[in-house]
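Student: Sharing a structure with you now.
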Amino acid sequence: MENLRSRIEKYINNVEEALKDLDSKKNLLNEKGINIENLMVNMKAYLEDAKYFLKADKLEDALVSISYSEGLIDSLKFMNLIEVKWPENPIKETRVFVAGTFDILHPGHVHLLKFASQFGKVFVVIARDINAYKNKGRPTILDENTRLEMVSSIKYVYKAMLGDENDIIKPIEIIRPDIIVLGPDQSISEEKLVSIIEARMNYKPTIIRFKEKERFSGDLRGSSDILIKGCEYLEKYGNVYKNNKNK
């Protein structure tokens, strides 16, 4: 199996070739009154950053940088300004693994999955009800099949599936991702997870931590905050809800 470093190197080379093709077509855009000089500067800067990080063996940073460069190139295509020629044999898309409970789906979950999607196809593993109960000390609000259905509907997700009740590493063995994205609340360290996977499967995926836990409404930052606020609302406005329900 081709290692991740080699795949990133090919990714960088593909973007560089596409940039060369775009550079040769700048005059066509200039004739239309469209100046992409500043955009080209940013594209090339991200490309050079990616090369630097790859050389420094900082694969996560290299992936982020080159994906930004590719995104800027694709923006021209999406705006129907110009068709960019990509190499005939682009690399196979990277598999990205995300796991979680995803109970009471909220914008923080969407931000996490959007972040993961910039690296490749996102495979999401949904915690089984019994495992979520063990982990959180309480049952989930939504059952596992409902949570699976909701996550599957998010556009950043390539495929979602239920986890294994008895072996939480089993889905990683099945998907064999190139990259695993951990959420800010997932307690396992990157080093420990890599060591577990390497010992069991004899390969090392890249682990990326999504560090930002954004506030999406006041002080709400996750499902627990939503539950607490819901309880406060019931205590304060419970009679109002009951009266409206009975109407």
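The values are calculated or read from the model by the stated rules, or taken from the named source; none is laboratory data. The model shown is predicted, which means the values in this text are computed figures rather than measured ones. Neighbour counts are summed over all protein chains in view; Cβ atoms, including those assigned to glycine, are modelled from backbone coordinates with ideal geometry. Side chains included, ligands, DNA and RNA excluded: accessible areas come from the protein's heavy atoms. Shrake-Rupley method; radii C 1.70, N 1.55, O 1.52, S 1.80 Å.
Student: Over the stretch 34-85, give the accessible area per residue in Å² for a 1.4 Å probe, as an integer.
Tutor: 58 Å²
Student: Still on this structure: What distance in nm separates the simple spin-label points at ASP167 and TYR203, each placed 7 Å from Cα in the Cβ direction?
Tutor: 1.7 nm
Student: Using the Karplus equation 6.51 cos²θ - 1.76 cosθ + 1.60 (θ = phi - 60°), what ³J(HN,Hα) coupling, rounded to whole Hz, does each residue of the stretch 66-73 give in order, writing x for Gly and Pro?
Tutor: Listing the rounded values in order: 6, 5, 5, 4, 4, x, 5, 5 Hz.
Student: Next up: Can you compute the equivalent ellipsoid semi-axes for the chain, i.e. the square root of 5 times each eigenvalue of the Cα gyration tensor, sorted largest first and rounded to whole Å?
Tutor: Semi-axes (√(5λ), whole Å): 39, 25, 15.
Student: Show that you can apply the helix-only estimate: for the chain, add -39,500 (n - 2.57) for every DSSP H stretch of four or more residues, divide by all residues, and state [θ] at 222 nm to the nearest 500. Write out the running numbers ahead of the final one.
Tutor: Working: 10 runs with 135 residues, N = 247.
Mean residue ellipticity at 222 nm (helix-derived): -17500 deg cm²/dmol.
Student: Counting Lys +1, Arg +1, Asp -1, Glu -1, what net charge surrounds ILE36 among other residues with beta carbon under 11 Å of its beta carbon?
Tutor: Within the 11 Å Cβ shell, the charges total +1.
Student: In square angstrom, what is the accessible area per residue of the stretch 89-134 with a 1.4 angstrom probe?
Tutor: Value for the stretch 89-134: 41 Å² per residue.
Student: I'd like the GluC sites (Glu not before Pro) in the stretch 27-118 restricted to DSSP loop residues with at most 15 other Cβ atoms within 10 Å, sorted by number.
Tutor: Answer in residue order: GLU83, GLU88, GLU93.
Student: Moving to a separate point now. Taking a threshold of 27 Å on the Cα-Cα distance, which of the pairs LYS114/LYS204; LYS26/LYS211; LYS20/LYS159; LYS51/LYS121; LYS10/LYS32 fall above it?
Tutor: In this structure, LYS26/LYS211; LYS20/LYS159; LYS10/LYS32 lie more than 27 Å apart at Cα.
Student: Now a separate question. Would you mind telling me the share, in percent, of accessible area of the chain contributed by carbon and sulfur at probe 1.4 angstrom?
Tutor: Summing carbon and sulfur atoms, their accessible area is 49 percent of the total for the chain.
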